[in-house]
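Read the structure below first, then the notes.
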Amino acid sequence: MVNGLVDRPLVFTYADLERFPRENHVYFCECAANSGMEWAGAQLNGAQFTHGMIHNMEYTGVPLRLLLEEHGYPVRLVVPGWEGNLWVKWLRRIEVTDAPVESREETSKYTDTLADGTSRKWTWAMDAKSVITAPSPQSPVPHGAGPLVITGLAWSGRGAITRVDVSTDGGASWQTARLAQKGTPMALTRFYLDVQWDGTEMLLQSRAMDDTGYVQPTKTQLRAVRGLNSVYHNNGIQTWWLHADGSVENVEVS
């Protein structure tokens, strides 16, 4: 016995891990630099390029607390809701501290530089965000006027998506979209808005809200606080310009 615990090996094999109680959870993993190119204005013409540094999948694993209780360590750390660089693969050890350790990833990298040159540190959580995936530059409208389904994805690193609004006029007015299913914490949620398109141009936007009450901001609102020096954590509202011929272009209406 050591400190009340039975002596255990410090290294677990896959066979050892498979003997622990397992849990299944669906989470997104997003790079903090996702949408980072768009801080200075519309740059990339496609949802895959502006918002594609993210995945959403079901994870099967062992809660960290169980492994810590057994002097063991996992092979990958899943940190729901936090930026992707913290989801460490092939862990060799875990050190638990009561304060940030001022490592490379917490100081010179993955900090948000403000207008005056200072930086926000330890902004690990990914705030509520959304993007319309169709129509979008890579998913133009293949038909003319008539029924049109506007659809996209929303997510929040602080909780579950509770509502998504969609605008067809660049934010002048909003309609509440329907969620494919009830939002779950730290996972992507699909949304839909069914409209009758009359064939005229539209400025498409989506605005996500989560169960903390947070509302996805415009890029103007973000820049008022953060300036233009940032790269990371751009969760501003994205605008797509749907043309009369069905093609779509990345533009900014803030």
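The values are calculated or read from the model by the stated rules, or taken from the named source; none is laboratory data. Quick caveat, the model's predicted, so the values are computed rather than measured. Note that each Cβ is placed from the backbone with ideal geometry, even for glycine, and that neighbours are counted across all protein chains shown. Remember, those area values only see protein heavy atoms, side chains included, never the ligands or the DNA or RNA. Shrake-Rupley method; radii C 1.70, N 1.55, O 1.52, S 1.80 Å.
Annotations for the structure displayed:
- Potential lengthening of the chain between K109 and L91 amounts to 4.5 nm, from the contour at 0.36 nm per residue minus the alpha-carbon distance.
- Net charge dipole size for the range 48-177 [Lys, Arg +1 and Asp, Glu -1 on Cβ; Debye, nearest 20]: 260
- Kirkwood-Stokes translational diffusion coefficient of the range 88-159, alpha-carbon pairs, 37 °C, 0.692 mPa s, µm²/s: 196
- From phi via Karplus (6.51, -1.76, 1.60), per-residue ³J(HN,Hα) for the range 199-215 in Hz, x at Gly/Pro: x, 8, 5, 9, 10, 8, 9, 10, 9, 9, 10, 10, 6, 8, x, 5, 10
- T97 contributes an accessible area of around 80 Å² to the protein surface, as traced by a 1.4 Å probe with all chains present.
- Dipole check for the range 85-155: with +1 at the C-beta of Lys and Arg, -1 at the C-beta of Asp and Glu, and the Cα centre as origin, the magnitude is about 300 Debye.
- Area of L64 that stays accessible when all protein chains are in place (1.4 Å probe, Å², to 10): 60
- Here Q221 and A172 are evaluated by their C-beta separation; at R0 = 22 Å the FRET efficiency comes out at 0.85.
- Gaussian network model of the chain, springs between alpha carbon atoms under 10 Å - residue of F20, F28, F191 with greatest fluctuation: F20
- Only the Cβ atoms of Lys and Arg (+1) and of Asp and Glu (-1) were treated as charged; on that basis the dipole of the range 171-254 about its Cα centre amounts to roughly 420 debye.
- Measuring spread by the Cα atoms of the range 172-243 yields a radius of gyration and Dmax of 14.6, 40 Å.
- For the range 129-254, the gyration tensor built on C-alpha atoms gives an oblate shape. Its axis ratio a/c (a ≥ b ≥ c) is at least 1.5, and a/b is not larger than b/c.
- Long-range HN-HN contacts of T133 with modeled amide H, under 5 Å: T151, G152, L153
- In sequence order, the range 129-137 has phi-based couplings of 8, 7, 8, 7, 8, 7, x, 7, x Hz under the Karplus curve 6.51 cos²θ - 1.76 cosθ + 1.60, θ = phi - 60°, and Gly or Pro positions carry x.
- Listed residues E252, E30 arranged by accessible area, highest first, probe 1.4 Å: E252, E30
- Taking only the Cα atoms of the chain, the ratio Rg/Rh comes out at 1.06, with Rh defined as the Kirkwood radius.
- A 1.4 Å probe run over the protein chains yields, for the chain, 53 Å² of accessible area per residue, whole-number rounding.
- Accessible surface of the chain, 1.4 Å probe: 55 percent of it comes from carbon and sulfur atoms.
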